Every structure is written in structure tokens, then in C-alpha cells.
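Below is one structure, written out as C-alpha cells; comments come after it.
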Amino acid sequence: MSENYVIICEVPGLVQWQEFPMNHTFMSELGTLWHVLSRATGEKVAEFKTTPAFFMYHHANAYEETVNGKTEIVVDVVSYPNMDSLSAMFLDQILNHPERLMNSFGDGGLHRFRLPLGEVGSNVKGRQIGPCMEFPTIYYEKYNTIKHRYVYGGSLKKGESLFLDRLVKTDVETGHVKYYIEPDVYPGEALFVPSPNSKAEDDGLILSVVLDMSKKHSKLLILNASTFEKIATADLSYAIPFGFHGKYY
């Protein structure tokens with residue numbers, strides 16, 4: 001969602017949920033469709049296509065930008081060339097073939113797509129602006145629907161990791177990437193919490209509930225969002241099952 005538009009990304013995939021093991025078909029030749037709706041009226045105002053198609057789970061942000069007098073919607077998403085990660089997320093696959101899941105996630109990355117509202121129906125190509133990551137987050141309270149600079153998330157190294165085993169900070173303006181890696185520690189979603197009266201976009205903390213396999217329990221990891229260095233941890237006496245999303249209040 002941007003300031004004036006709702007953007008819906010339609011992936012050309014067919015999933016047979018009633019079957020086990022689950023089957024899916026990814027029809028790359030059909031392309032991924034972008035539907036743009038007016039937030040004021042609810043009416044569809046534009047449609048675009050990206051071919052070959054991509055698959056995605058999460059958006060990072062969207063905002064509007066004027067280029068040569070024309071409005072473009074900029075959308076940052078974590079995209080993949082196929083849907084292989086879906087079937088690889090079943091428990092039996094994770095336990096017996098963990099490389100499938102990590103290889104499929106390792107093929108993804110943070111990509112930026114620009115939807116030119118004056119060129120409705122055009123084929124939109126994305127460009128990679130960040131590394132493999134999932135659960136992308138920003139300084140949401142201030143930069144949701146506004147041009148942002150930093151995206152945070154969980155990450156891995158294809159061919160080496162067996163699960164998301166590091167946190168990542170990506171500067172989408174410069175392409176600079178910072179990682180936080182701790183042996184035997186597997187992070188959850190990275191939540192940004194701004195400092196009181198913060199002025200810089202990354203002036204704050206990153207909170208992530210992580211699983212520490214060396215101690216067989218979870219802990220809250222606190223990083224300096226600017227330097228991406230550890231400030232503190234708060235240990236728990238038990239393990240918290242992995243979730244998808246969290247919220248700081």
C-alpha cells in the first residue's frame with residue numbers, strides 16, 4: 001500500500017491444498033500481475049505484468065515517486081523465481097531434507113519494482129537491491145507508504161545454512177549490507193524500535209526473539225539498529241516455537 005494506492009501482487013500459481021503431499025504448479029509464462037486500486041474510490045486504476053513471473057511472500061514497503069513529471073509506484077518485495085519453498089516447508093521435508101528449503105529461500109532476494117502509472121499494461125522488470133532475506137521490516141510507524149532507506153530481516157547463506165541463521169540490514173540507497181551472526185542462534189522477525197526523539201531512520205533498536213541451540217532455549221536479542229552490534233540479551237528458560245510476525249508496543 002502506498003499513500004494513494006493499494007497494490008495487489010497476483011502470482012500465477014496453482015496449489016492443491018487438499019492433496020498430501022501438497023502439489024503446486026508455477027506457471028511462469030503467464031507472468032506475475034500487479035493490480036493497482038485507488039484508496040479513495042476502491043476502483044482499479046492500473047494493471048501491469050512482470051514476465052517471467054516471480055513468487056513472493058512479503059512486501060517491505062511501497063511509496064509514490066514523481067519521475068520526469070510522471071507518478072511511479074515503487075514496491076520493494078522479497079521475490080523468488082519459483083514456488084519450490086512451499087512444499088519444502090512441510091515438517092517431514094524440513095527434518096529429512098532441510099537443504100531443499102534453504103536452497104529455495106537462498107534463490108530469493110529483495111527486489112524493487114517501479115510501476116509507471118502513465119504506462120498502464122507495460123511489462124515491469126524488477127532489480128535486486130538486497131540479499132536473500134525474509135520477513136522484511138522497516139521503521140514502519142514513520143516510513144510506511146513513505147520512501148525508506150533501511151530494510152531489516154532474517155537471512156541465510158545458500159549452501160551453508162540449514163535455517164535462517166543471521167539478521168541482515170540493507171541500505172537500499174547504497175546497497176551496503178550488514179549482518180549479525182551468532183553461532184547456533186536462529187532469529188525470528190527483526191522489529192525496529194525507534195529511540196525517543198530519533199532523527200535518523202536507523203536511530204533505534206532491533207528486537208528479535210531467537211532460538212539458542214547451544215542452550216536449548218530462546219532469548220530476546222537486542223541490537224543497535226545503526227551499527228548492527230549486540231547491546232543485550234534477555235534469556236528465557238524455555239524455547240518459543242518459531243512464528244512469523246511480531247509487534248512491539
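Across the stretch 227-239, the qualifying residues are those that are open to solvent by 70 Å² or more (accessible area, probe 1.4 Å) and not in a strand (DSSP E or B), and the one among them that is farthest from residue 134 (Cα to Cα) is 237. Selection of the stretch 196-226 for residues being open to solvent by 40 Å² or more (accessible area, probe 1.4 Å), free of Cβ contacts under 8 Å to residues at least 24 places away in the same chain and assigned to a loop (DSSP other than H, G, I, E, B) yields 196, 197, 199, 203, 215, 216. Report, by residue number, each residue of the stretch 220-249 that is small (Gly, Ala, Ser) and either at pLDDT below 95 or touching a helix residue (DSSP H, G or I) at 6+ places or on another chain (Cβ under 7 Å) (or both). Residues satisfying the conditions are 237, 239, 243, 246. Pairing residues of the stretch 130-149 that are closer than 15 Å to residue 208 by Cα with residues that are among the polar types (S, T, N, Q), at Cβ distances under 9 Å and at least 6 apart in sequence or on separate chains, gives 133/155; 133/170; 134/155; 136/61; 136/170; 138/61; 138/144; 139/198.
Exactly one condition in (1) over 26 Å from residue 62 (Cα atoms); (2) modelled with pLDDT of 95 or more; (3) of a type outside the set (Ser, Thr, Tyr); (4) open to solvent by 60 Å² or more (accessible area, probe 1.4 Å) is false for residue 159; which is it? Here residue 159 clears every test but (2). If the condition is being open to solvent by 70 Å² or more (accessible area, probe 1.4 Å) and in a strand (DSSP E or B), then the stretch 48-95 contributes 49, 59, 66, 70. For residue 8, the stated conditions hold: it is among the β-branched types (Val, Ile, Thr), exposed (fewer than 14 other Cβ atoms within 10 Å of the Cβ) and either under 20 Å from the mean Cα position of the chain (by Cα) or part of a strand (DSSP E or B) (or both).
For the stretch 3-15, the count of residues that are closer than 21 Å to residue 144 by Cβ, acidic (Asp, Glu) and at pLDDT 95 or above is at least one.
The values are calculated or read from the model by the stated rules, or taken from the named source; none is laboratory data. None of these values were measured; they are calculated from a predicted model. Glycine also receives a Cβ, built like all others from the backbone with ideal geometry; neighbour counts cover every protein chain displayed. These accessible areas exclude ligands, DNA and RNA; they are computed on the full protein's heavy atoms, side chains included. Shrake-Rupley method; radii C 1.70, N 1.55, O 1.52, S 1.80 Å.
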